[in-house]
Each structure stands twice: as structure tokens, then as C-alpha cells.
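Please read the structure below before turning to the comments.
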């Protein structure tokens with residue numbers, strides 16, 4: 001190359017460095033976030049996406065997935081980060097049996113250690129224990145003198161399962177779902193009175209008195225708003241379902257700062273980064289009932305609910 005050519009190249013590089021900031025030359029930080037197909041997951045997906053974008057990441061969001069599709073995306077590498085539930089990970093993804101009595105802290109540690117072999121890194125948990133729950137209008141419970149799931153199971157047996165019931169379709173096919181619950185509590189819902197639908201459909205059906213019994217999530221705001229009777233899981237069938245971000249190991253190794261970023265988000269919720277206690281779980285569940293209520297009852301978009309939360313917590317700068 002001639003001296004004049006070299007001078008031209010150098011001049012171009014100097015000029016480019018003057019008009020483009022240094023960070024434009026750095027490799028773009030790109031990440032894919034996934035979330036499931038119900039309110040709480042729409043919110044947490046947006047929380048993670050918006051916070052990472054604020055920290056300089058280009059984020060692709062894959063939303064509206066079933067539990068199985070979300071996990072498949074994590075395993076294939078199509079998704080780098082999501083927030084899933086400890087009980088779901090243990091019983092569905094890892095296919096382990098839940099031993100009644102294992103608490104929030106123990107199950108989290110079990111999942112965290114067990115999933116390392118699959119090259120996943122579980123970060124700090126949000127102790128909201130968003131377990132499946134069975135509810136009815138209080139008049140139905142009073143009429144039949146029901147309090148616990150054991151009582152409700154007895155009514156199903158006495159009526160040959162002919163009670164109008166509504167559950168999410170995913171719950172009807174999950175290994176920790178309806179069939180396992182029926183076996184554990186020794187009852188069966190008649191096919192003629194069982195309806196399934198997309199997440200949220202059971203809430204709508206119960207709200208409109210179109211069903212007697214409905215499956216919900218324990219952080220659903222409608223439980224409190226309408227005063228529904230929640231049947232206590234007196235035999236501890238359901239494990240804790242604590243919402244926890246986890247990351248593919250290859251993405252974690254590329255961007256180790258993700259751990260601090262997402263743990264900072266978790267720390268804004270009651271007990272974030274500390275061991276769970278019954279009080280912390282109750283407070284955290286209430287916090288998520290409020291977030292879910294903003295979407296389901298106040299009809300605010302999950303994008304806006306997440307943005308407002310992050311701004312109020314001082315994690316991002318508010319721009320009206």
C-alpha cells in the first residue's frame with residue numbers, strides 16, 4: 001500500500017472516531033427474553049426487558065408461551081432469560097417428585113442445584129409463591145359446609161364429580177396439574193361438568209357465575225376483589241411456586257452483569273435476596289396481587305405497569 005493510501009485510511013478512521021461515539025464500535029449486547037401467557041408473566045417479561053434495555057441491551061421478547069414452550073425455548077437457545085416458578089421447574093421441567101413439607105427456601109435450592117446440569121443459572125427468587133389454587137363463591141362453600149380441599153374432594157365424590165368446574169387447559173394436562181390433584185385427594189371431576197380454557201377464562205367464568213369451582217393463581221387480584229373462598233391445600237399437594245429469573249449459562253458467561261441487574265430487580269420485592277419466611281411470602285404475594293390488579297382490574301397495559309414500577313423503584317429514569 002502506498003503512503004498516500006495509508007494516510008487516507010488513517011484519516012477516515014480518525015474522522016469516523018470523531019463523529020461516532022466510542023460505544024458504537026463495541027459489540028452490540030443482544031439478548032432474548034421469554035414469558036408465558038398470563039398476566040403475571042406479561043408483567044415480569046416487561047420488567048426484565050425494560051430494565052435490560054435501560055442497561056444497554058438490545059432485547060427481543062418472545063411472549064405468550066406455555067410453560068412447556070418457554071422451557072423448550074430455553075433449552076434450544078432460542079430464549080436466553082425468563083422467569084419461571086420453582087414448583088414448575090421441579091415437577092414439570094426436572095420431572096422430580098415433590099415431597100410435601102419442603103418449603104420455599106429448600107425447593108429453590110434444590111432447583112438451583114439440579115438445573116446446573118442443564119446449564120442454567122437460577123438467580124435470586126421473588127418469594128410470591130404463585131401456586132395454583134381452587135376457589136368458589138363463598139355462598140357455594142357455605143351451602144356445602146366446605147373449607148379445605150379435602151372437603152371439596154368429598155363433595156366431588158358424593159356427587160359423582162358432577163360439579164361445574166373450570167380449569168386452565170395447561171393445568172388439565174400438566175404432571176402437577178388436575179389429574180395428579182384428583183389422584184392425591186381421591187376424587188374425579190365428571191367430564192360432562194369440566195371445562196377448560198386459556199389462562200384467565202376460569203376467572204371470567206366464575207365472575208359471571210358460569211361455574212361453581214374454578215382454578216386460579218394465588219396472586220390473582222380477583223380473589224380479594226370478589227371475596228372468593230380459597231380452599232386451603234390441607235394435605236400440601238402443591239409445592240411452592242416462587243417466581244425466579246434464570247439464565248442460560250452461555251448467555252450468563254457472555255454477559256455476567258445480568259446477575260446484578262436482575263438481582264437488583266428482585267431486591268425491590270419483599271424479602272428480595274433474603275431467605276423466605278411466611279411473612280415475606282405473604283407480603284410478596286400481596287405486591288404481585290397489586291401489580292396483577294393494575295392489568296386485570298384497572299385495565300392498564302403490562303408494558304405501562306412494568307414501566308411505572310421500575311420508575312417508582314428508581315431502577316430506570318421516568319420519562320412522561
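On a 0 to 90° scale, report how tilted helix 278-296 is relative to the longest principal axis of the chain, with both axes built from alpha carbons and the result rounded to the nearest 10. The helix 278-296 is inclined about 80 degrees to the chain. For the options 193, 88, 39, a Gaussian network treatment of the chain with springs between C-alpha atoms closer than 10 Å singles out 193 as fluctuating the most.
Measuring nothing but how far apart in sequence close Cα pairs (under 8 Å, 6+ apart) lie, relative to its length, the chain scores a relative contact order of 25 percent. The angle between the Cα long axis of helix 302-312 and the longest principal axis of the Cα atoms of the chain comes to about 70 degrees, rounded to the nearest 10.
Counting pairs of Cα atoms in the chain, how many percent are more than 36 Å apart? Percentage above 36 Å: 26. Mind putting together the pair-distance distribution for region 178-259? All Cα pairs, 5 Å bins, whole percent per bin, short to long. Binned Cα distances yield the sequence 3, 10, 16, 17, 17, 11, 6, 8, 7, 4, 1. Taking the C-alpha atoms only, the angle from helix 149-158 to the longest principal axis of the chain is near 50 degrees.
Rg/Rh for region 132-230 (Cα atoms only, Rh after Kirkwood) is 0.92.
Values quoted throughout were computed directly from the atomic coordinates according to the rules given, and no laboratory measurement underlies them. What you see is a predicted model; the values in this text were computed from it and never measured.
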